[in-house]
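Structure first, commentary second.
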2 protein chains.
Amino acid sequence: MTATDTTSTSPDWAQRAAAKRAARDALLPPDTLLPPGTVPASTADVSAVPRTCGLLSAQELEITESDTGDILARLASGQWSAEAVTRAFCRRASIAHQLTNCLTEVFFEAGLARARALDDEFKRTGKARGPLHGLPISLKEQIGVAGVERSFGFVGFLGRVCERDSALVEILLAAGAVPYCATNIAQGLFFGEAVNNVFGETVNPYNRTLTPGGSSGGEGALLALRGSPLGVGSDIGGSVRIPAGHCGLYAFRPSYGRVPYEGTCNSQEGQDSIRSVLGPMSTSLAPLRTLFKAVLDGAPWRLDPQVLRQPWSASGAALAEHGGGERLVFGMLLDDGVVRPVPPYARAMAETAAALEAAGHAVVPFTPHAAAEGMRLFYESFGADGMRDLFDTLALSGEPRAGPHAAQGQGQELSVTQWWALHRRKGEYLKQQLDAWNATAATTGTGRPVDAVICSVAGNAAQLLRQPQYHTYTHWCNLADYPAVAIPVTHDPATYANAPIGLQVVAQKGEDEAVLAMAEIVDNALKAHSASTPR
Amino acid sequence: MTATDTTSTSPDWAQRAAAKRAARDALLPPDTLLPPGTVPASTADVSAVPRTCGLLSAQELEITESDTGDILARLASGQWSAEAVTRAFCRRASIAHQLTNCLTEVFFEAGLARARALDDEFKRTGKARGPLHGLPISLKEQIGVAGVERSFGFVGFLGRVCERDSALVEILLAAGAVPYCATNIAQGLFFGEAVNNVFGETVNPYNRTLTPGGSSGGEGALLALRGSPLGVGSDIGGSVRIPAGHCGLYAFRPSYGRVPYEGTCNSQEGQDSIRSVLGPMSTSLAPLRTLFKAVLDGAPWRLDPQVLRQPWSASGAALAEHGGGERLVFGMLLDDGVVRPVPPYARAMAETAAALEAAGHAVVPFTPHAAAEGMRLFYESFGADGMRDLFDTLALSGEPRAGPHAAQGQGQELSVTQWWALHRRKGEYLKQQLDAWNATAATTGTGRPVDAVICSVAGNAAQLLRQPQYHTYTHWCNLADYPAVAIPVTHDPATYANAPIGLQVVAQKGEDEAVLAMAEIVDNALKAHSASTPR
């Protein structure tokens, strides 16, 4: 699945892309290559292949299938070496890549060298480097790592190598993390899949006829196959939450200015109205908090002038403004009035409501403020340059537009006056939306507004590739800068066979620590309910 | 000084403006009107007139010349009634206005009614309403107050009355404050004076041939004459710090998103790159902190979606990241390499350095990062619409452009692509600037970067009216979102006779609480040094 054949008659851009893919794949450890025929191309569900293919040792399986928190504990105690853990994940990532085409850059050797250095340091000092000591971390393609090529999925950017680490990577390294690979993206990060002309298309490991979601879709597929214990994606419209939802994972979209974006590239750079944020993705919830807290404890405002001088809030994490987490009131957003989510989400919402009530919390209906206007504001902002930045970048190599909007051409760009008018409209909308959420205080019975909102991660489940999607259920958080945590809830048994179904827990702007704590409450309630309820 | 004569041949806009000024002046209490000839138009220094004119009682003089902290204490203890305090400031404000043309809206009666209500409440409950109980507060013209006209100094906006309070006013009212007047501004807030076609020109009470600075120049003149104990201005390029410096006052420019701007109007609304912020101005430093803390304690994020969920930081105020305030290292920015400030600033800087060293702190030279490029970024952002918003507003009434740039016409506006490119350049610049400031840690001897920077509030002192000015010494804080406190240091004995000379204390982004504490250290050092040094 990893490469498209190109012939000598392919245009130059296609040949350059094919050469890049071949160079990438040449970096996979030879003893992790799946023998031809191991997994027929027609096999849809490949989620068990890493375990069953026979290429991983018992210890590698134990490491890669452990909870990330347990891995960190064993690394910190010296029970597992950083090298052993890193090697296990590199090997499993290679297998995951062969199954789903999830990787863009393979720098396993650099990761292993760093792991060995950490092990040496540990032997010398007896101490872990930091809260992420020895943990391999996968990074979305756009995040700068010194010495690693960053084409951002554009043929025209092939050959660009980062001279220095991004601010996030600098902090992760200081915390002991081990970057070892980069993961696939939507072209320009503009849609909820993971396909571009350099690296091709990533598919969903639960059903390879479906998308893993995007734009951080490479992370989604890699993490779902446990080829990584913890990844970092970016989210400007749902790009960590959608692949988390579609791949059965957890993801966190922080508020603007908490996690440093400096040294991370993007499309439409300088578009500072709806800002992309970096956020963690993993197979359980606690690692999201661990990474977020490690970043804040690294004082990221030292490195990135856009970051807020706002350390980890212990009172936020303790839900001080939410009654300490006792008897929370969750607003259930079932339907935004524009597009009702597909039926599996209604079932997931009902299960979640029952679980929360069983745990002593309350659920009430939640109506979003003027969702159609929010959607217009989002898309008008996104399309403000008529996609000129994208088309200019495509023109560097002659490559075509990729993804579900491939047939759409360039539009008119706005003037500054029009752009400022759009901001002004957005400002008025956000004030009305804030007032509407706060007005729920009159009906919750706690004196507080609805503590958090629960909604689907999309209108659709993981879709067939390149099909229309509806993402206003994530966009509204980006427009309002609401922090949100995606959690996996169930699977679709029917229409989109085996597709994971995820929900989001959404809190008000700046409540990052609180939304992580409330998502944990929801996740624990679901697990307790699931354990006690016959299915 | 308050009104320009208009004849029947004046254009319509001039007649409408004259009618507005006449209506405003008709609201001044008749028994506060200066008899004709009391102060000849040729009298430059009118700073003593409120005390000497005989219109204010001994108690009114005592109230209005008390330190604002003492006034708050006496209000909170019931020693002074809110009504007596409000009446004294209304009466003195009327005199200040007649001397400098500083007011735009006169709502003394509403203020007095509110003061009486607070007094009734105090009698009933024995408790002050909040930290600003009974304190009259003056507000820059642009800040929305329910029921008060807000023309923003444009003839075309005359007759617009605010339907509701701005978020700031809502919080100030809840804290017990008494809004009673609005103050004059630069047309569109675009320059460092206070003149527009509706309200005319405000002059400096220390020398009426000079500007009070701006754009919050009405606040500057009013506060300098003690016609207000505490005011709120706005600052997008120095607009609270310049008039504070030119009028011998204190002012605070907070970081973005701490003080709510919601319900406050501005030019170029939706220009979210260099954001205007509201900040307090007063005759001493402590009231700036009192107001700022009162606003944060009012949880402004409930009311304004642009506000950060960032409560008052006690550790910031305690200078936890600055060695507890012991042996600070101040960087002295004497010359930005583009325009060297006029000589009185060099003297003020030297006095301040000596005072700080005498107090056990260290001073080192500070070179700003690429000031000329910062200046270009600032003006390119400000002029991105070719001043179309301003000219469109002027066209509503046919009024002309006012102020030092009156002769400049409309320019080309940028496209969104150009605007985003400017942002990107700004982002790169700010990263270099952050790194440069942090690199000073290698030379301070404390292991910390320079704790704060001290520089002039402008290249020029208070200028003759409508003369060229140089404001990059304030702009750099707006570009980088540095919080800054202006403090008065000395007076110019010569060139600009009697003009106050002020400096700024500037800290890194988000260090609002810390910069207030460090400014207090500077202010106390200056006072102690001045008391111990023969002059």
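Observations, loosely collected:
- Index of the failed condition, B:D392 passing every other in (1) of a type in the set (D, E, K, R); (2) crowded, with 20+ Cβ neighbours inside 10 Å; (3) within 11 Å of chain A (Cβ to nearest Cβ): (2)
- Tallying residues that are open to solvent by 10 Å² or more (accessible area, probe 1.4 Å) and polar (S, T, N, Q) within the stretch A:124-180 yields 1.
- Condition check for B:P468: open to solvent by 30 Å² or more (accessible area, probe 1.4 Å), more than 14 Å from chain A (Cβ to nearest Cβ) and out of contact with any helix residue (DSSP H, G or I) (no Cβ under 8 Å at 6 or more places or on another chain): yes
- In the stretch B:257-269, the residues that are within 9 Å of chain A (Cβ to nearest Cβ) and either in contact with a strand residue (DSSP E or B) (Cβ under 9 Å, 6 or more places away or on another chain) or closer than 21 Å to B:E163 by Cα (or both): B:G257, B:E262, B:G263, B:E269
- Members of the stretch A:353-368 found to be under 21 Å from A:H471 (Cα atoms) and either without any contact (Cβ under 8 Å) to a residue 12 or more places away in the chain or not in a loop (DSSP other than H, G, I, E, B) (or both), listed by number: A:P365
- Meets criteria (in a strand (DSSP E or B) and at pLDDT below 95) for A:T495: no
- Residue in the stretch A:269-277 that is of a type in the set (D, E) and under 8 Å from the mean Cα position of the chain (by Cα) present: no
- Count of the stretch A:409-434 residues, restricted to those that are away from every other protein chain (no Cβ under 12 Å) and either under 30 Å from A:G510 (Cα atoms) or under 26 Å from the mean Cα position of the chain (by Cα) (or both), is 0.
- Selection count where residues are open to solvent by less than 20 Å² (accessible area, probe 1.4 Å), touching a helix residue (DSSP H, G or I) at 6+ places or on another chain (Cβ under 6 Å), within 18 Å of A:I521 (Cα to Cα) and outside any loop (DSSP other than H, G, I, E, B), scope the stretch A:284-300: 1
- Count - residues of the stretch B:394-425 that are in a helix (DSSP H, G or I) and touching a helix residue (DSSP H, G or I) at 6+ places or on another chain (Cβ under 6 Å): 4
- One residue stands out in the stretch B:237-256 among those that are part of a loop (DSSP other than H, G, I, E, B) and surrounded by 24 or more Cβ atoms within 10 Å (Cβ to Cβ): the one that is nearest to the other protein chains (Cβ to nearest Cβ), namely B:S255.
- Residue check, B:E321 out of contact with any His (no Cβ under 7 Å at 6 or more places or on another chain), closer than 30 Å to A:S381 by Cα and within 14 Å of another protein chain (Cβ to nearest Cβ): no
- Check on A:G398, farther than 21 Å from A:Y473 by Cβ, surrounded by fewer than 21 Cβ atoms within 10 Å (Cβ to Cβ) and away from chain B (no Cβ under 14 Å): yes
- Against the conditions (1) within 14 Å of chain A (Cβ to nearest Cβ); (2) on the phi > 0 side of the Ramachandran plot, B:G403 satisfies every one except (1).
- The residue of the stretch B:336-347 that is farthest from the other protein chains (Cβ to nearest Cβ), among those that are part of a loop (DSSP other than H, G, I, E, B) and crowded, with 19+ Cβ neighbours inside 10 Å, is B:V342.
- Within the stretch B:301-318, restricting attention to residues that are assigned to a loop (DSSP other than H, G, I, E, B) and either of a type in the set (D, E, K, R) or touching a Pro at 6+ places or on another chain (Cβ under 7 Å) (or both), the residue that is nearest to the other protein chains (Cβ to nearest Cβ) is B:R309.
- The stretch B:438-452, residues that are touching a residue at least 24 places away in the same chain (Cβ under 8 Å) and either crowded, with 24+ Cβ neighbours inside 10 Å or small (G, A, S) (or both): B:G445, B:V450, B:D451, B:A452
- Qualifying residue in the stretch B:520-531 (condition: within 27 Å of B:A372 (Cα to Cα) and away from chain A (no Cβ under 14 Å)): no
- Residues in the stretch A:453-465 that are closer than 24 Å to A:H361 by Cα and either open to solvent by 20 Å² or more (accessible area, probe 1.4 Å) or of a type in the set (S, T, Y) (or both): 1 in all.
- Taking the stretch B:92-107 as the range and being assigned to a loop (DSSP other than H, G, I, E, B), buried (at least 24 other Cβ atoms within 10 Å of the Cβ) and in contact with a Pro (Cβ under 9 Å, 6 or more places away or on another chain) as the test, only B:C102 passes.
- Pairs linking a residue in the stretch B:113-130 that is in contact (Cβ under 8 Å) with a residue 40 or more places away in the chain to a residue that is hydroxyl-bearing (S, T, Y) and part of a helix (DSSP H, G or I), with Cβ atoms under 6 Å and 6 or more positions apart or on different chains, are B:A115/B:T86.
- Number of the condition not met by B:T183 [criteria: (1) within 14 Å of the chain's Cα centre (by Cα); (2) under 14 Å from B:I242 (Cα atoms)]: (2)
- Meets criteria (touching a strand residue (DSSP E or B) at 6+ places or on another chain (Cβ under 8 Å) and closer than 20 Å to B:L464 by Cβ) for B:E219: no
- Remark: pairs (first residue in the stretch B:490-510, farther than 13 Å from B:P343 by Cα and within 14 Å of chain A (Cβ to nearest Cβ); second residue assigned to a loop (DSSP other than H, G, I, E, B) and at pLDDT below 85; Cβ separation under 6 Å; 6+ apart in sequence or on different chains) are absent.
- Residue selection: A:Q271 satisfies the criterion of being touching a His at 6+ places or on another chain (Cβ under 8 Å), open to solvent by 10 Å² or more (accessible area, probe 1.4 Å), of a type outside the set (A, V, I, L, M, F, W, C) and on the phi < 0 side of the Ramachandran plot.
- Any hit, the stretch B:323-333, residues being within 22 Å of A:W301 (Cα to Cα), assigned to a helix (DSSP H, G or I) and open to solvent by 20 Å² or more (accessible area, probe 1.4 Å): yes
- Residue in the stretch A:207-223 that is more than 15 Å from the chain's Cα centre (by Cα) and not in a strand (DSSP E or B) present: yes
- Residue check for A:A117: farther than 28 Å from A:G200 by Cβ and either open to solvent by 20 Å² or more (accessible area, probe 1.4 Å) or modelled with pLDDT of 95 or more (or both): yes
The values are calculated or read from the model by the stated rules, or taken from the named source; none is laboratory data. Note that the structure is a prediction, hence the values are computed from the model and not measured. Backbone-built Cβ (ideal geometry, glycine too); neighbour counts: all protein chains shown. The accessibility values were calculated without ligands, DNA or RNA, using every heavy atom of the protein model including side chains. Shrake-Rupley method; radii C 1.70, N 1.55, O 1.52, S 1.80 Å.
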